[in-house]
1. Exactly one of (1) in the same structural domain as A:HIS41 (by TED's automatic domain parsing); (2) in contact with a Phe, Trp or Tyr (Cβ under 8 Å, 6 or more places away or on another chain); (3) among the acidic types (Asp, Glu) is unmet by A:ASP61. Its number?
2. Quick check on B:ILE162: is it crowded, with 17+ Cβ neighbours inside 10 Å, away from chain A (no Cβ under 14 Å) and touching a residue at least 24 places away in the same chain (Cβ under 8 Å)?
3. Going through A:ALA201, A:ALA208 one at a time, which residue ends up being touching an Asp or Glu at 6+ places or on another chain (Cβ under 6 Å), away from chain B (no Cβ under 12 Å) and either under 29 Å from B:ASP203 (Cα atoms) or touching a residue at least 60 places away in the same chain (Cβ under 8 Å) (or both)?
4. So which of B:VAL132, B:VAL182 ends up being without any contact (Cβ under 8 Å) to a residue 24 or more places away in the chain, in contact with a helix residue (DSSP H, G or I) (Cβ under 9 Å, 6 or more places away or on another chain), among the aliphatic types (A, V, I, L, M) and part of a helix (DSSP H, G or I)?
5. Applying the selection to region B:115-129, what residues are in a loop (DSSP other than H, G, I, E, B) and either in contact (Cβ under 8 Å) with a residue 40 or more places away in the chain or out of contact with any strand residue (DSSP E or B) (no Cβ under 9 Å at 6 or more places or on another chain) (or both)?
6. For region B:138-159, enumerate the residues that are of a type in the set (A, V, I, L, M) and either facing another protein chain (nearest Cβ under 10 Å) or more than 30 Å from B:ASN207 (Cα to Cα) (or both).
7. Could we say that B:GLU149 is at pLDDT below 95, in a helix (DSSP H, G or I) and surrounded by fewer than 18 Cβ atoms within 10 Å (Cβ to Cβ) here?
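The values are calculated or read from the model by the stated rules, or taken from the named source; none is laboratory data. Just so we're clear, the structure is a prediction, and the values are computed from it rather than from any experiment. Ideal geometry is used to build each Cβ from the backbone, glycine not excepted, and the neighbour counts take in all protein chains shown.
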2 protein chains.
Amino acid sequence: MEIIMAEKMGFCFGVRRTVEIAMKIIENKEQNVITYGPIIHNEDLTNYLKQNGIGYVLNVDDVDERKAEKVIIRTHGAKREVIENLKEKGVKVIDGTCPYVMRVHRIVEKLSKDDYPILIVGNKDHPEIIGVTGYISNVPYFIVKDVEELEELRKQGKFDKIKKIGVVTQTTEKIEKVRKVVNYLMDFIPEVRYFKTICYATDENQNAIHKLAPSVDVVIVIGGKHSSNTIKLYEIAKSYCPRTYHIQNEKDLKIEWFNINDKVGITAGASTPDWIIQNVVNKIKEFERILERGEIYEKRS
Amino acid sequence: MEIIMAEKMGFCFGVRRTVEIAMKIIENKEQNVITYGPIIHNEDLTNYLKQNGIGYVLNVDDVDERKAEKVIIRTHGAKREVIENLKEKGVKVIDGTCPYVMRVHRIVEKLSKDDYPILIVGNKDHPEIIGVTGYISNVPYFIVKDVEELEELRKQGKFDKIKKIGVVTQTTEKIEKVRKVVNYLMDFIPEVRYFKTICYATDENQNAIHKLAPSVDVVIVIGGKHSSNTIKLYEIAKSYCPRTYHIQNEKDLKIEWFNINDKVGITAGASTPDWIIQNVVNKIKEFERILERGEIYEKRS
């Protein structure tokens, strides 16, 4: 078996930054610190933080109950009103919002000020997008996951009076999907103002798996099951390599997925800690030794 | 033979408007009127105007020589400084600029004011584009005919420092080509502000030939040999129908192009007067009668 790591994978700058904030707090043995929402979309990491005293709340109102003194805003960010409400409660807010997401907040604020309706390409239930909508004011906005949803909204007449539009995307979007949306808007809206808000790390991880997936037999994509960017890595890999599996950590690996002569490609979402990637590699090597010894021959045949 | 006319073809709103201005002048027997540049890209029409006293100049300086009192700005428009220079000479300027082209002038003026570098998709030698550049001030601008030219400029480092860009197009551009340009810009420029400046008539004429060309044996595209929109109609038709011919008027038609059982599709550029279209149809019908009588049997076999 040969294990080939994608050239770029795992923690992005924004995630690393927020996780370091939390790790520092653990190191300093600070008490009564929580995060607003799971800090990143990785259960192993959020469990680790919880075990070390940093739990999370999903609502501002739950902050009192936890007697929190400090609240870390998750990497995905939050609505402006959430931050304001937390401050009103007198807790110290540590803004862990990814700087690339903050840039989206600033863009939609500016578009609102300039009176541009806004189209967001992304998942309307994702905390990043919920956060972004909290910075839009006094202009109509639409959230679509793809061009088909946009076509549907157009059919409903939602764009009949719209002469200009600002377009932003979830930072983890796939450029191919966004292009389709922009190309479609170009047909019927006189001014389409597109902002590239896909973050470079997402681009890089996606490009790396684009490169790797066609040349391997199996791809293992490591990342949280709710992690948008991980799901996108999975989709890209799967389109080249049918034997692609999305796992959260080494416990999800199955020896049946592998053959002794396979080339195995590895990638990981931006919220996957390095130690999980390492555990996965170790486990696959363990499988390799088992396969070499022929120990599970009967099971596999 | 069956002659099928494209659902939309010929004079657009802007051309019709400018030509009507000139026709009115002829009707009123006004003297000393010229146009700045050929009023539209159609030799038959410019010859007709010339025979009726309305010639054209290519330079502002030639106006004096002609003792012109009124100057009609051609449909394609002109640089602002041309209009200013004409006014300084004391001649009356009649602005025949197509309102869709005027809109492009206003957009690039606004982009200049807002400090956006500008990309123009179009033909740098076309009077429309030369006119548009005359409304850009204090910002860098680039003219590309397609995505390949844009890639070349990027390789030369022209976009290295550019963080935002406004995009306008020649009003006669093909949307497919413009999409490629915008898609490419989306890769590396953080803000791409696209303005749909392709005019609806161009769209309609192009859509109509898209629809018609696949179902006929021969396509005749009528229009001036310098007419951008006519050339584009030709390219579209040719991509579906190998027996596509671009002619300026009925005199260019050749009987060898036709077979007795052909379906013949007809389209015409936005600067083609209706009477030329009618002459072409009449000539093809004449060919049909000749073919039916078998008169040129020997020549063809």
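1. Failing condition for A:ASP61: (2).
2. Numbers: crowded, with 17+ Cβ neighbours inside 10 Å: yes; away from chain A (no Cβ under 14 Å): no; touching a residue at least 24 places away in the same chain (Cβ under 8 Å): yes.
Spelling it out, it is not the case that B:ILE162 is crowded, with 17+ Cβ neighbours inside 10 Å, away from chain A (no Cβ under 14 Å) and touching a residue at least 24 places away in the same chain (Cβ under 8 Å).
3. Among A:ALA201, A:ALA208, only A:ALA208 is touching an Asp or Glu at 6+ places or on another chain (Cβ under 6 Å), away from chain B (no Cβ under 12 Å) and either under 29 Å from B:ASP203 (Cα atoms) or touching a residue at least 60 places away in the same chain (Cβ under 8 Å) (or both).
4. Every option except B:VAL182 fails the conditions.
5. Answer for region B:115-129, where residues must be in a loop (DSSP other than H, G, I, E, B) and either in contact (Cβ under 8 Å) with a residue 40 or more places away in the chain or out of contact with any strand residue (DSSP E or B) (no Cβ under 9 Å at 6 or more places or on another chain) (or both): B:TYR116, B:PRO117, B:GLY122, B:ASN123, B:ASP125, B:HIS126.
6. B:VAL139, B:LEU153
7. Taking the combined requirement at face value, the residue does not satisfy it.
Conditions (1) more than 21 Å from the chain's Cα centre (by Cα); (2) polar (S, T, N, Q); (3) closer than 25 Å to A:PRO99 by Cβ, marked per residue:
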{"site": "A:GLU128", "(1), (2), (3)": "no, no, yes"}
{"site": "A:VAL132", "(1), (2), (3)": "no, no, yes"}
{"site": "A:SER137", "(1), (2), (3)": "yes, yes, yes"}
{"site": "A:VAL167", "(1), (2), (3)": "no, no, yes"}
{"site": "A:THR171", "(1), (2), (3)": "no, yes, yes"}
{"site": "A:LYS177", "(1), (2), (3)": "no, no, yes"}
{"site": "A:TYR184", "(1), (2), (3)": "yes, no, no"}
{"site": "A:GLU191", "(1), (2), (3)": "yes, no, no"}
